[in-house]
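The values are calculated or read from the model by the stated rules, or taken from the named source; none is laboratory data. The model shown is predicted, which means the values in this text are computed figures rather than measured ones. Quick reminder, even Gly has a Cβ in these numbers, built from the backbone with ideal geometry, and neighbours come from all protein chains shown.
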């Protein structure tokens, strides 16, 4: 393993974690797709090959990006942001429908979710703005509005068909604002305005059904079902079937699980290979493995934080922290959905769920962090060499 890793620059622990997760995903995806085979046809081997294609594309993307000089990420961030807007607008008008939501586009026969690209694009552009506008944070016109506008534009474009992603991205953005020491009074005022806006939006949607967004009733139903389930845990309505089966799968897994391929509930859980990945994982591998999986994501976050604070470039610090928060939050939401703590969403497990744009963009994100780590290692090596030569000259 050491010989192979010498070709991968950056943080070796992070390389091992991501490669391990992606390799393990081949086993779990093959095991978790029976319901997809039953609904859409095909064979488990077909979906395994399809997932393997995304894994290879993801790894190649990660490797290629980690070789890029970090200065280019800041330079292209604005272009990437505008490209994300163009893709989101294109998706609204020409997107294909999957699971009732028109949030996908097709590229060379493979489906791509434009919001996955937009998440990374916003994190990159926001990181640049936080550095560029730091001196103007107290000025609404010069600092606050230029920083907040990109956040609202991207989140509103995503909101129509993907509420959970819009809320998650908005939370990540506010976390970065907090880290950048954005004035807390202005953050509080913005949050109050958002809450008022949400209440007004709900009122309009309820008062004028003809103006309702296509996904509004879906969002409402998920929240209502979660509330009813908490009030009456014994409820077994058909609408709650997927959430109930997910919790039963976790219960069925117990401490050590049923074994690879022996899970029973995965055949009745929609998106067992993606949105409900954690429930299927615990059913076959057990609660102990589930805890280890959660710890693995935490270790990954800590490695990213270490890289973020090691770099001397503030843009890179914000960018790495935004990526780390995003990956951990996405994994956490998947776990919380499966245990019934939050409403059903469309967030899957990074590097583990069946491949697609989410897997590729997660790999690109890690590639960016590894590029920063690679630059840090070069600086450290140069400084060490300089100190060593200096000591020699002094001794002489």
Checklist line | Within region 41-57, considering residues that are in a loop (DSSP other than H, G, I, E, B) and in contact with a helix residue (DSSP H, G or I) (Cβ under 8 Å, 6 or more places away or on another chain), the one surrounded by the fewest Cβ atoms within 10 Å (Cβ to Cβ) | finding: 43
Note to self: Suppose we filter region 157-208 for residues that are assigned to a loop (DSSP other than H, G, I, E, B) and either touching a residue at least 60 places away in the same chain (Cβ under 8 Å) or within 21 Å of residue 123 (Cα to Cα) (or both); how many remain?
What the structure shows: 7
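Yes or no, residue by residue, for (1) surrounded by 21 or more Cβ atoms within 10 Å (Cβ to Cβ); (2) modelled with pLDDT of 90 or more; (3) in contact with a helix residue (DSSP H, G or I) (Cβ under 8 Å, 6 or more places away or on another chain):
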site	(1), (2), (3)
151	yes, yes, yes
162	yes, no, yes
169	yes, yes, yes
179	no, yes, yes
189	no, yes, no
192	no, yes, no
Item checked: Check on residue 68, at negative phi, assigned to a loop (DSSP other than H, G, I, E, B), in contact with a helix residue (DSSP H, G or I) (Cβ under 8 Å, 6 or more places away or on another chain) and at pLDDT below 95 -> yes
Check: Has region 243-255 got at least one residue that is assigned to a helix (DSSP H, G or I) and under 21 Å from residue 359 (Cβ atoms)?
Finding: no
Notebook entry, point to check: With respect to the numbered conditions (1) over 27 Å from residue 115 (Cβ atoms); (2) buried (at least 24 other Cβ atoms within 10 Å of the Cβ), which one is the sole condition not fulfilled by residue 273?
Noted result: (1)
Note to self: For the structure I just gave you, tell me whether residue 38 is exposed (fewer than 12 other Cβ atoms within 10 Å of the Cβ), part of a strand (DSSP E or B) and either at pLDDT 90 or above or out of contact with any helix residue (DSSP H, G or I) (no Cβ under 6 Å at 6 or more places or on another chain) (or both).
What the structure shows: no
Check: Do you know which of the residues in region 2-31 that are in a helix (DSSP H, G or I), farther than 20 Å from residue 304 by Cβ and modelled with pLDDT under 90 is farthest from the chain's Cα centre (by Cα)?
Finding: 3
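Condition check ((1) part of a loop (DSSP other than H, G, I, E, B); (2) surrounded by fewer than 20 Cβ atoms within 10 Å (Cβ to Cβ)) across all residues:
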{"residue": "305", "(1), (2)": "no, yes"}
{"residue": "315", "(1), (2)": "no, no"}
{"residue": "320", "(1), (2)": "no, no"}
{"residue": "332", "(1), (2)": "no, yes"}
{"residue": "337", "(1), (2)": "no, no"}
{"residue": "342", "(1), (2)": "yes, yes"}
{"residue": "345", "(1), (2)": "yes, no"}
Margin query: Residues that are at pLDDT 65 or above, surrounded by 10 or more Cβ atoms within 10 Å (Cβ to Cβ) and either touching a helix residue (DSSP H, G or I) at 6+ places or on another chain (Cβ under 8 Å) or assigned to a loop (DSSP other than H, G, I, E, B) (or both): does region 376-384 have at least one?
Written below: yes
Next item on the list: Write out, first by first residue and then by second, each pair whose Cβ atoms fall under 8 Å of each other, whose residues are 6+ apart or on separate chains, and whose first residue, in region 267-282, is on the phi > 0 side of the Ramachandran plot and outside any helix (DSSP H, G or I) while the second is surrounded by fewer than 24 Cβ atoms within 10 Å (Cβ to Cβ) and at pLDDT 90 or above.
Entry: none
